[in-house]
Amino acid sequence: MNINGIELKQIRENLWEIPQINGMRVPGRIYISREMLESTLSEDEALKQVMNVAHLPGIEKYSLAMPDIHWGYGFPIGGVAATNLDEGVISPGGVGYDINCGVRLATTSLTLEEIQPKLEPLITKLFQNIPTGVGASGAIKKLSKSDLKKILEKGSVWAVENNLGTQSDIQFTEESGTLKNADFSVVSERALERGADQAGTLGSGNHFLEVDVVEEIYEPKVAEVFGLFKGQVVIQIHTGSRGLGYQVCDDYLKVLLKASEKYGFKLPDKQLACAPIKSQEGQAYLAAMQAAANFAWNNRQVIMHLAKKSFLETFDMKESDLGFHLVYDVCHNIAKIEKHQIGNVIKEVCVHRKGATRAFPPGSEMIPEKYKSVGQPVLIPGDMGRYSYVAVGTEKAMEETFGSSCHGAGRNLSRHKAMKEAKGRDLVSELKKKGVIIQAKGYKTIAEEMPAAYKDVADVVDVMHKEGITRKVAKLKPVGVIKG
DNA sequence: ATGTCC
C-alpha cells in the first residue's frame, strides 16, 4: 500500500509497517484500519513524522503510532517512542506543548433519571464553579511561591493536603499524582507566573468537563472492579498543565535546539530538537517536564473537587450518599522512565507518549492494588455529541506498544472547516435534541469542537480492541458538558 | 494546546 508516497507493508489486519530506510534506526509501525489509513492520512504529514521519529538516537524497536494519529509538532499526535538511557535522547516534541494533558473519570451513585430534573442547574453550577477558557484563572486564591513549589514537586498531593481531595484520589491517579524527580528550580519565572492563578482551571479547545451516563458494559467483571454500572452518572475531566506547561515546553525547545547542534545530531526535522537523556540539558527538561506534569495532576484534582462540590450543592446531598470516587486519572502527553522488555532483556527506557495513553496489564506494579487482577483503566474520550470509552490494558500492549493505546477520536475536520460547517446552525439546540446540555465561553469553541469535527471514536477504539492492545470495558454517553 | 505575538 502506498500512502502519500510512503510504502507500507501490512503486518496484520490493523497493523502497518514502514520499512527502515535511509537514516531510520528502526522501522515505523502504525495501528490503524485500511479504511482510516486511506481516508485520513492521504493528505497528512503524520506518516512522514513517524519516519522522522525513527531517526532519533537510541530509539528502541519501532517508531509507533496509534489509530488517532495526526500531524503534530515534530512527533505525530498518537505517537509512541521509547529511547534507551545510554545513548537515547529526550525530545519535547515527543511530549507536546500541553505537558500531562490527560483525562480523569469519577463515579457517582446517581442515575440519569435522578439527575435529569436538575441537569441544567447542575451544568450551570459546574460552569460557575470551574473557570474555563483561554486565560481562565482564579478557581482558588492566587498561589504563593511556596505553594507553587509544593505543587510542582508534589502534584495532586498538595490538593489533598489542602482539603481539595482525599487519600483515595491519590491512590487512583497515575504515578499517585507525583513524579518524584520534578524540580521547581529548573522552571522559568515566566512559567511560574503563568501558572500562579491557573490551578483548578479547565482551559480551551478540546478540553472539557463532561457529565456522562454509562450506556453499555462490555466486560461486566472488569467494569465492576472499576466501580461502573449501566445507567450510572459519571464525570470526565480532560485538561492539562495550562499556560505553565506551555511555557515549559517553549522554554526547553530553545534549550534543546541548541543541544541538538552541540551534540551533533543530524535530524530530519528541527522540531525533533532533543538532547541525550543523560546530558545536563536532557535532565533539566525531564525535571521541568515532570514539574509541569505535577501541576497538571493537581489541576485535574482541584477541578474534580469543585465538580464534587457542584453535585453536592445542586442535589443538596451529603457526601456519603453521592458515591463520588475517582476511577482513574491518566496522562496522554508525557515522557516516562519505565522498564520494558527489549529482546531478551528488561531495560529502562524513556517512553514518549504524545497523544497516547498508558495501558498497563494485570499484575503491573505501576497500577493501583484494586486493579491488579484486571489491568489499568484506559480512558478514551470521543466527541461531545456521541460517546467515550473506558478500556483496559493488556500484556500484549506491554509486548508491542510499550504499554500504550490510543487517546481519543482525532479530528476529522480542521478547525477552519468545522467553523464553516457550523455556520448558520444552532449547535446548542442540536446538542440539546441529542440529550446534551452544553455551556461554553464562546460559540467559536462549540463550532470548532462540534461532533462532526471528530472521527468516530468507536472506529479508533475498535482498532486497539481487535489487535488486543486494549479491550473495551464500557461506553459512556454525554448528557452535559462545559467547555472553554 | 497556548494571556492564539515579548
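Being surrounded by 24 or more Cβ atoms within 10 Å (Cβ to Cβ), part of a loop (DSSP other than H, G, I, E, B) and within 11 Å of DNA strand B (Cβ to nearest atom) is the filter here, so list the residues in the range A:76-97 that pass it. Within the range A:76-97, A:Gly96 is the sole residue that qualifies.
Across the range A:141-165, the qualifying residues are those that are within 16 Å of DNA strand B (Cβ to nearest atom) and either in a loop (DSSP other than H, G, I, E, B) or of a type in the set (Ser, Thr, Tyr) (or both), and the one among them that is farthest from A:Lys483 (Cα to Cα) is A:Leu143. The criterion of being out of contact with any Cys (no Cβ under 8 Å at 6 or more places or on another chain) and farther than 21 Å from A:Arg190 by Cα holds for A:Gln232.
Among the candidates A:Leu143, A:Leu164, A:Leu112, the residue that is crowded, with 18+ Cβ neighbours inside 10 Å and in contact with a strand residue (DSSP E or B) (Cβ under 8 Å, 6 or more places away or on another chain) is uniquely A:Leu112. Of all the criteria given as (1) under 20 Å from A:His325 (Cβ atoms); (2) under 17 Å from the mean Cα position of the chain (by Cα); (3) crowded, with 22+ Cβ neighbours inside 10 Å; (4) not acidic (Asp, Glu), the one not satisfied by A:Ser176 is (3).
Of all the criteria given as (1) more than 16 Å from DNA strand B (Cβ to nearest atom); (2) in a helix (DSSP H, G or I); (3) among the aliphatic types (A, V, I, L, M), the one not satisfied by A:Leu192 is (1). For A:Lys477, are the conditions met, namely being farther than 18 Å from A:Gly375 by Cα, away from DNA strand B (no atom under 16 Å from the Cβ) and without any contact (Cβ under 8 Å) to a residue 24 or more places away in the chain? It is false that A:Lys477 is farther than 18 Å from A:Gly375 by Cα, away from DNA strand B (no atom under 16 Å from the Cβ) and without any contact (Cβ under 8 Å) to a residue 24 or more places away in the chain. Before we move on, is A:His207 of a type outside the set (A, V, I, L, M) and either in contact with a Pro (Cβ under 7 Å, 6 or more places away or on another chain) or more than 8 Å from DNA strand B (Cβ to nearest atom) (or both)? So A:His207 does not fit the description; no. For the range A:379-397, does any single residue satisfy the condition of being farther than 29 Å from A:Pro27 by Cβ, modelled with pLDDT under 95, of a type in the set (Lys, Arg) and under 23 Å from the mean Cα position of the chain (by Cα)? Among the residues of the range A:379-397, not one is farther than 29 Å from A:Pro27 by Cβ, modelled with pLDDT under 95, of a type in the set (Lys, Arg) and under 23 Å from the mean Cα position of the chain (by Cα), which makes the answer no.
So that you can scan it fast, the table gives a plain yes or no per residue for (1) within 16 Å of DNA strand B (Cβ to nearest atom); (2) over 30 Å from A:Ile30 (Cβ atoms); (3) within 19 Å of the chain's Cα centre (by Cα); (4) at pLDDT 95 or above:
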{"position": "A:Cys406", "(1), (2), (3), (4)": "yes, no, yes, yes"}
{"position": "A:Asn412", "(1), (2), (3), (4)": "yes, no, yes, no"}
{"position": "A:His416", "(1), (2), (3), (4)": "yes, no, no, no"}
{"position": "A:Ser429", "(1), (2), (3), (4)": "no, yes, no, yes"}
{"position": "A:Ala458", "(1), (2), (3), (4)": "no, no, yes, yes"}
{"position": "A:Val463", "(1), (2), (3), (4)": "no, no, yes, yes"}
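Of the helices (runs of 4 or more DSSP H) contained entirely in the range A:399-484, those carrying at least 1 residues that are within 14 Å of A:Leu379 (Cα to Cα) and among the β-branched types (Val, Ile, Thr) fall at A:457-466. Scanning the range A:232-246 for residues that are farther than 30 Å from A:Gln116 by Cα and surrounded by 24 or more Cβ atoms within 10 Å (Cβ to Cβ) yields A:Ser241, A:Arg242, A:Leu244, A:Gly245.
For the range A:374-412, filtered to residues that are buried (at least 23 other Cβ atoms within 10 Å of the Cβ) and among the β-branched types (Val, Ile, Thr), the residue that is farthest from A:Ile337 (Cα to Cα) is A:Val390. Going by the structure shown, is A:Ser33 surrounded by fewer than 22 Cβ atoms within 10 Å (Cβ to Cβ), at pLDDT 95 or above and under 26 Å from A:His465 (Cβ atoms)? Against the criterion (surrounded by fewer than 22 Cβ atoms within 10 Å (Cβ to Cβ), at pLDDT 95 or above and under 26 Å from A:His465 (Cβ atoms)), A:Ser33 qualifies. Among the residues making up the range A:16-34, those that are over 9 Å from A:Met51 (Cβ atoms) and within 27 Å of the chain's Cα centre (by Cα) are A:Trp16, A:Glu17, A:Val26, A:Pro27, A:Arg29, A:Ile30, A:Tyr31, A:Ile32, A:Ser33, A:Arg34. Assess whether A:Val225 counts as being over 17 Å from the mean Cα position of the chain (by Cα) and within 14 Å of DNA strand B (Cβ to nearest atom). No.
The values are calculated or read from the model by the stated rules, or taken from the named source; none is laboratory data. This structure is a prediction, so every number in the text was calculated from the model and none was measured. We place every Cβ from the backbone using ideal geometry, glycine too, and count neighbours over all the protein chains shown.
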